[in-house]
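The values are calculated or read from the model by the stated rules, or taken from the named source; none is laboratory data. Everything numeric in this text was worked out from a predicted model, so none of it was measured. Heads up, the Cβs are rebuilt from the backbone with ideal geometry, glycines too, and the neighbour counts pull from every protein chain shown.
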Ligand SMILES: *Cc1c(COP(=O)(O)O)cnc(C)c1O
């Protein structure tokens with residue numbers, strides 16, 4: 001992408017000379033140069049070449065209320081002037097963190113009334129791992145250390161986060177996972193269901209949890225962590241039989257259940273949390289992303305009353321971050337939650353835009369490249385295949401990346417996970433903008449198919 005615009009070229013040179021980008025091939029990015037995003041409003045981004053792009057990914061699943069809400073900037077500015085920083089380590093607190101903990105408890109599932117704040121989702125999951133082990137130690141069962149997670153789940157990129165996640169390409173770099181974390185198969189029927197029906201496969205995948213608990217011994221298992229709907233793994237909506245069977249298994253064995261709500265939380269499914277959508281009743285929920293709509297970094301762990309009652313007996317919890325409950329982040333999160341509540345954004349997702357997006361997306365099922373369209377709320381996935389009936393892929397052709405590039409070039413951000421195209425637009429997307437998104441997606445599918453045939 002060599003630009004004629006000198007300003008773009010200058011920024012790309014800075015990138016090449018000085019910046020190491022996350023999840024990127026440094027050398028390849030040097031040669032290609034990043035697209036420079038300069039500003040944004042609502043659901044649209046603009047790049048340094050003047051292109052307007054519909055952001056079908058809400059940044060990275062996070063910009064729930066859309067771009068350009070001055071109220072959040074004002075909240076940050078007010079808080080920075082009043083109290084830009086103070087720590088919470090030594091028996092002090094400040095108003096924004098306390099008010100935010102209450103505001104989150106108000107919208108969290110019943111009995112989930114306590115929040116430990118972090119700077120990110122990854123740190124939320126690190127906190128979870130340490131808190132789970134501390135909890136069982138207080139209960140006199142220090143051997144209950146193992147956390148069961150799922151292959152192709154995503155739980156962040158710190159050492160614990162990447163270990164909890166089930167991304168093999170992440171594990172390969174740096175001897176992960178760390179000990180005490182094991183993975184079971186994911187409920188991804190389209191790719192792994194074989195000849196089973198989705199319902200049969202859902203039960204099979206859930207039963208893997210019970211088998212793993214029995215194999216390890218329940219006395220060694222501390223917790224099971226899962227995303228209600230896997231996001232980064234490819235918007236994997238489990239078959240309807242999956243969560244009910246998991247809940248039966250969890251009820252049978254004495255282990256904690258952690259819902260990683262970093263993507264599903266704060267309205268993505270049309271409910272406040274994915275745990276509300278599937279009625280999951282977790283002990284803990286990891287949060288980040290939509291908590292601040294991405295305007296400022298913040299994550300956390302919501303913990304239920306029962307777990308906190310035990311932690312209260314354990315003395316100091318020797319864990320925390322300099323930026324735990326940062327006052328500016330807390331003030332921004334409070335304002336974000338106020339907007340979500342008062343503008344009834346989640347109600348509108350549930351009642352209007354989610355059903356509309358899901359209906360319009362499914363119209364793409366008639367496209368020759370499309371093997372399945374699925375989604376919940378404002379999450380969607382489009383599986384690209386060579387053969388609809390057998391679900392066979394175009395092996396080795398990089399179809400997802402081809403499609404992603406056409407999207408970029410045609411003013412739509414749609415992400416590719418292998419040959420699965422995924423979307424998660426801002427929660428404020430309108431029906432007209434959904435029409436634009438689907439029309440652009442269809443155009444890019446056509447272009448991808450032509451490229452494959454050409
Ligand atoms: C993004 C994500 C994380 C990690 O959050 P960071 O803020 O990037 O550390 C954890 N879990 C899920 C489900 C995520 O999507």
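Can you find, within the range 175-217, the residue that is surrounded by the fewest Cβ atoms within 10 Å (Cβ to Cβ) among those that are under 23 Å from the mean Cα position of the chain (by Cα) and in a loop (DSSP other than H, G, I, E, B)?
Out of the qualifying residues, it is 178.
For the range 64-88, name all the residues that are part of a loop (DSSP other than H, G, I, E, B) and in contact with a strand residue (DSSP E or B) (Cβ under 7 Å, 6 or more places away or on another chain).
Applying the first criterion (part of a loop (DSSP other than H, G, I, E, B)) to the range 64-88 yields 64-66, 68-69, 83-88.
Matches in the range 64-88: 66, 68.
Take the range 16-61 and flag every residue that is assigned to a helix (DSSP H, G or I) and within 16 Å of the ligand (Cβ to nearest atom).
58, 59, 60, 61
For the range 139-174, what are the residues that are out of contact with any helix residue (DSSP H, G or I) (no Cβ under 9 Å at 6 or more places or on another chain) and assigned to a helix (DSSP H, G or I)?
168, 169
Of the conditions (1) crowded, with 22+ Cβ neighbours inside 10 Å; (2) closer than 20 Å to residue 72 by Cβ, residue 353 satisfies every one except a single condition; which number is it?
Against the list (1) crowded, with 22+ Cβ neighbours inside 10 Å; (2) closer than 20 Å to residue 72 by Cβ, residue 353 comes up short only on (2).
Do the conditions hold for residue 128, that is, is it at pLDDT 95 or above and surrounded by fewer than 23 Cβ atoms within 10 Å (Cβ to Cβ)?
Values: at pLDDT 95 or above: yes; surrounded by fewer than 23 Cβ atoms within 10 Å (Cβ to Cβ): no.
When the stated conditions are applied, residue 128 does not pass them.
Being touching a helix residue (DSSP H, G or I) at 6+ places or on another chain (Cβ under 7 Å), under 21 Å from residue 262 (Cβ atoms), assigned by TED's automatic domain parsing to the domain that holds residue 154 and modelled with pLDDT of 95 or more: is that true of residue 76 here? Steps first, answer last, please.
Working: touching a helix residue (DSSP H, G or I) at 6+ places or on another chain (Cβ under 7 Å): yes; under 21 Å from residue 262 (Cβ atoms): no; assigned by TED's automatic domain parsing to the domain that holds residue 154: yes; modelled with pLDDT of 95 or more: yes.
When the stated conditions are applied, residue 76 does not pass them.
Name the single residue, out of those in the range 297-312 being within 21 Å of residue 105 (Cβ to Cβ) and assigned to a loop (DSSP other than H, G, I, E, B), that is nearest to the ligand (Cβ to nearest atom).
298
Kindly list the number of the only condition in (1) under 23 Å from residue 336 (Cβ atoms); (2) within 16 Å of the ligand (Cβ to nearest atom) that fails for residue 103.
(2)
Scanning for something within 16 Å of the ligand (Cβ to nearest atom) and out of contact with any strand residue (DSSP E or B) (no Cβ under 8 Å at 6 or more places or on another chain), does the range 176-193 turn up at least one residue?
Yes, there is a match, as at least one residue in the range 176-193 is within 16 Å of the ligand (Cβ to nearest atom) and out of contact with any strand residue (DSSP E or B) (no Cβ under 8 Å at 6 or more places or on another chain).
Quick check on this structure: which one of 289, 252, 344 is more than 13 Å from the ligand (Cβ to nearest atom) and on the phi > 0 side of the Ramachandran plot?
Just a single option satisfies the conditions, and that option is 344.
From (1) within 14 Å of the ligand (Cβ to nearest atom); (2) buried (at least 18 other Cβ atoms within 10 Å of the Cβ); (3) farther than 27 Å from residue 239 by Cβ, pick out the condition that doesn't hold for residue 152.
(3) is the only condition that residue 152 fails.
Kindly indicate which of 166, 140 is closer than 24 Å to residue 232 by Cα and more than 9 Å from the ligand (Cβ to nearest atom).
Within the list 166, 140, the selection yields 166.
Give me a count of the residues in the range 117-145 that are within 12 Å of residue 221 (Cα to Cα) and free of Cβ contacts under 8 Å to residues at least 24 places away in the same chain.
Qualifying residue count, the range 117-145: 1.
Please name all residue pairs, on different chains or six or more residues apart, with Cβ atoms under 8 Å, provided the first residue is in the range 280-295 and is farther than 18 Å from residue 325 by Cβ and the second residue is in a strand (DSSP E or B) and within 13 Å of the ligand (Cβ to nearest atom).
280/259; 282/258; 282/259; 283/258
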